[in-house]
């Protein structure tokens, strides 16, 4: 059993996505601890403050007691709004505090895009325009081309948590562009786990969402892979090439083929 830890900002938004993912993934335990949020508002300073070192430290002890193998700060705005270097410093401090590898949702998006091997993406953000643009700038810092950035202009996590599938479809459709090879939906306050496959069918391309890539990032840090096609293409099992067939002169001939977990280059958040 692999135990992963998550620090989730605030309460009662979309943290119930995590037990859903735990059910879908094999032999994985997801431990979620909440951090304090002064005000539920999508403003640059307020979101950045949610990721302050003191706030993240409040949830560390409980995760240590749970024996987690990695920790992810489950917030997009609370990480990318600190900029590329600031987000690295944030996760480095978290790793020192908890004593295991640490990362954030924002780096989870970067690493997921790299694993999918796509060069160009579209961003479907719930945030106001300046915050949505800051996320796209963060992606560009990682060398990812952003074809389009759509901002829905919501003002709080509570508003995002109330959205249903139809509103999510409208969001990604508005953001989509033919040249985009994947769609990114960066808000961990959105309930998306139950809808990823439907969104991918709608667009005909991979869809990466906040809570989905957060868990994938925790697995990556723990050097563990778990598969569930119901969680989208990033969790789809990759088919390995068949093993070579031995020649008759080298002993009994045999061939082996089948599926096994695909391990791409493991990139730590500091790389």
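For residues that are under 20 Å from residue 168 (Cα atoms) and in contact (Cβ under 8 Å) with a residue 60 or more places away in the chain, scanning just the stretch 125-136, find the one that is surrounded by the most Cβ atoms within 10 Å (Cβ to Cβ). It would help to see each step written out before you state the result.
Applying the first criterion (under 20 Å from residue 168 (Cα atoms)) to the stretch 125-136 yields 125-129, 131-133, 135-136.
From what's left, in contact (Cβ under 8 Å) with a residue 60 or more places away in the chain: 125-128, 131.
On the way: 125: 27, 126: 30, 127: 27, 128: 16, 131: 24.
Among them, the one singled out is 126.
Going by the structure shown, is residue 18 in contact with a strand residue (DSSP E or B) (Cβ under 8 Å, 6 or more places away or on another chain) and under 21 Å from residue 213 (Cβ atoms)?
Yes; evaluated as a whole, the condition is true for this residue.
Name every residue in the stretch 121-136 that is part of a strand (DSSP E or B) and over 17 Å from residue 190 (Cα atoms), in order of residue number.
121, 122
Determine which member of the set 190, 184, 203 is touching a helix residue (DSSP H, G or I) at 6+ places or on another chain (Cβ under 9 Å) and within 24 Å of residue 3 (Cα to Cα). Step through it out loud before you land on a result.
Numbers: 184 fails: within 24 Å of residue 3 (Cα to Cα); 203 fails: within 24 Å of residue 3 (Cα to Cα).
From the options 190, 184, 203, the qualifying one is 190.
For the condition buried (at least 20 other Cβ atoms within 10 Å of the Cβ), in contact with a helix residue (DSSP H, G or I) (Cβ under 7 Å, 6 or more places away or on another chain) and at pLDDT 95 or above, what is the one hit in 122, 175? Show your work before the answer.
Numbers: 175 fails: in contact with a helix residue (DSSP H, G or I) (Cβ under 7 Å, 6 or more places away or on another chain).
After applying the criteria, what remains is 122.
Could you check the stretch 219-231 and list, in sequence order, the residues that are in contact with a helix residue (DSSP H, G or I) (Cβ under 8 Å, 6 or more places away or on another chain) and either without any contact (Cβ under 8 Å) to a residue 40 or more places away in the chain or not in a loop (DSSP other than H, G, I, E, B) (or both)?
Initial filter on the stretch 219-231 (in contact with a helix residue (DSSP H, G or I) (Cβ under 8 Å, 6 or more places away or on another chain)): 220, 225-231.
Those that are in contact with a helix residue (DSSP H, G or I) (Cβ under 8 Å, 6 or more places away or on another chain) and either without any contact (Cβ under 8 Å) to a residue 40 or more places away in the chain or not in a loop (DSSP other than H, G, I, E, B) (or both): 220, 225, 229, 230, 231.
If you go through the stretch 63-72 one residue at a time, do you hit one that is touching a helix residue (DSSP H, G or I) at 6+ places or on another chain (Cβ under 9 Å), without any contact (Cβ under 8 Å) to a residue 60 or more places away in the chain and crowded, with 16+ Cβ neighbours inside 10 Å?
Checked against the condition, which is being touching a helix residue (DSSP H, G or I) at 6+ places or on another chain (Cβ under 9 Å), without any contact (Cβ under 8 Å) to a residue 60 or more places away in the chain and crowded, with 16+ Cβ neighbours inside 10 Å, the stretch 63-72 yields at least one hit.
For the stretch 1-29, give me the residue count where each residue is part of a strand (DSSP E or B) and either closer than 13 Å to residue 66 by Cβ or in contact with a helix residue (DSSP H, G or I) (Cβ under 7 Å, 6 or more places away or on another chain) (or both). Break it down stepwise before answering.
Of the residues in the stretch 1-29, the ones part of a strand (DSSP E or B) are 2-9, 28-29.
The next check asks that each one be either closer than 13 Å to residue 66 by Cβ or in contact with a helix residue (DSSP H, G or I) (Cβ under 7 Å, 6 or more places away or on another chain) (or both); those that pass are 2-7, 9, 28-29.
Matching residues across the stretch 1-29 total 9.
When you check residue 79 against the structure, is it under 26 Å from residue 139 (Cα atoms), at pLDDT 90 or above, part of a helix (DSSP H, G or I) and touching a strand residue (DSSP E or B) at 6+ places or on another chain (Cβ under 6 Å), yes or no?
So residue 79 fits the description; yes.
Would you check if residue 4 is buried (at least 19 other Cβ atoms within 10 Å of the Cβ) and at pLDDT 90 or above?
When the stated conditions are applied, residue 4 passes them.
Could you please give the count of residues in the stretch 137-163 that are assigned to a loop (DSSP other than H, G, I, E, B), over 28 Å from residue 36 (Cβ atoms) and in contact (Cβ under 8 Å) with a residue 24 or more places away in the chain?
Step one: list which residues in the stretch 137-163 are assigned to a loop (DSSP other than H, G, I, E, B), which gives 142-144, 152-156, 162-163.
Narrowing the set further to residues that are over 28 Å from residue 36 (Cβ atoms) leaves 142-144.
Restricting the remaining residues to those that are in contact (Cβ under 8 Å) with a residue 24 or more places away in the chain gives 142, 144.
So the count comes out to 2.
The values are calculated or read from the model by the stated rules, or taken from the named source; none is laboratory data. Note that the structure is a prediction, hence the values are computed from the model and not measured. A quick note on method: Cβ atoms are made from the backbone with ideal geometry, for glycine too, and the neighbour counts reach across all protein chains shown.
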